[in-house]
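Mind having a look at this structure? Questions to follow.
The values are calculated or read from the model by the stated rules, or taken from the named source; none is laboratory data. Note that the coordinates shown come from a computational prediction; the quantities given were computed from them, not determined experimentally. Heads up, the Cβs are rebuilt from the backbone with ideal geometry, glycines too, and the neighbour counts pull from every protein chain shown. The protein model used for the area step is the full one, side chains on, heavy atoms only, and it has no ligands, DNA or RNA in it. Shrake-Rupley method; radii C 1.70, N 1.55, O 1.52, S 1.80 Å.
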Amino acid sequence: ADYGITVGDLAQNLMISTQEASKLIQVSDDYRVSVGGLQQAMKLALQNGFEPTIENIAKLSDEYLALQSPLERAALMSKTFGRNWQELTPLVAAGGDAIRKASGEIADSLILTEQAVQQAKDYKKALDDWDDSVKALTVSVGQKLLPAVTDLMNVMIGAKLSTKEQAIELSESKFWEG
């Protein structure tokens, strides 16, 4: 369910399909790019006119690799992804063909549809509702039992003190001297 929520959030934030978001997450993961880093960089890229798709990243990768100067590469990455461009360097440095190949090798079960994302959201909501119900029940039962438990503990403490006082009196008495 967490993966479905992550896919849905990325798709919504980047205004792309859940299938494309799934592919971005999976291919980025292959190159050790975190979802958070991917999302932040792609949001900036979107603002800079770059549509966040696997194909566009593959094309950018080929453009990046065609540049010889590290300064030119850094400028291209910074222009596209903003100041956090370095997070995406392992992905972009892979080359367009490698990115396309990685995308084509993603298991179908990891490419989520809108329906699958909605099912994950529904499941998470049901779990949250259940958790809320259990907490409410616990609080309700606790509020009803607390006075009785408190009274019982006070009686037990009183009995313990009484028994302790009797033991002290007995130990100080002449009974033990025989």
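Local charge sum around residue 97 (other residues, Cβ-Cβ under 15 Å, Lys/Arg +1, Asp/Glu -1)?
So the environment of residue 97 carries a net charge of -2.
Calculate what fraction, in whole %, of the accessible area of the chain sits on carbon and sulfur atoms when a 1.4 Å probe is rolled over the protein chains.
About 57 percent, which is the carbon plus sulfur part of the accessible surface.
Taking a point 7 angstrom from the Cα of residue 3 along the C-beta vector, which residues in segment 105-148 have backbone N less than 18 Å away?
Label zone hits: 105-124.
Here's something else I'd like to know. Over the chain, with a single point scatterer placed on each C-alpha, what log10 of the ratio I(q)/I(0) does the Debye formula yield at q = 0.13, 0.15, 0.18 1/Å?
The computed values of log10 I(q)/I(0) come out as -0.74, -0.88, -1.09.
Right, something else. So which of 23/125; 23/135; 59/124; 23/124; 59/121 end up more than 31 Å apart by C-alpha?
Cα-Cα > 31 Å for 23/135; 59/124; 59/121; rest within.
With viscosity set to 0.890 mPa s at 25 °C, what whole-number translational diffusion coefficient in µm²/s follows for segment 1-80 from Stokes-Einstein and a Kirkwood radius over Cα pairs?
187
Residues of the chain: accessible area per residue at 1.4 Å, in Å²? Provide the component values of the computation, followed by the final result.
Values: 11620 Å² over 178 residues.
Normalised by residue count, the accessible surface of the chain is 65 Å².
Over the chain, what is the relative contact order in percent, taking alpha-carbon pairs closer than 8 angstrom and at least six residues apart?
Relative contact order, the chain: 28 percent.
To the nearest 10 degrees, how steeply does helix 2-14 sit against the main Cα axis of the chain, on a 0 to 90 scale?
50
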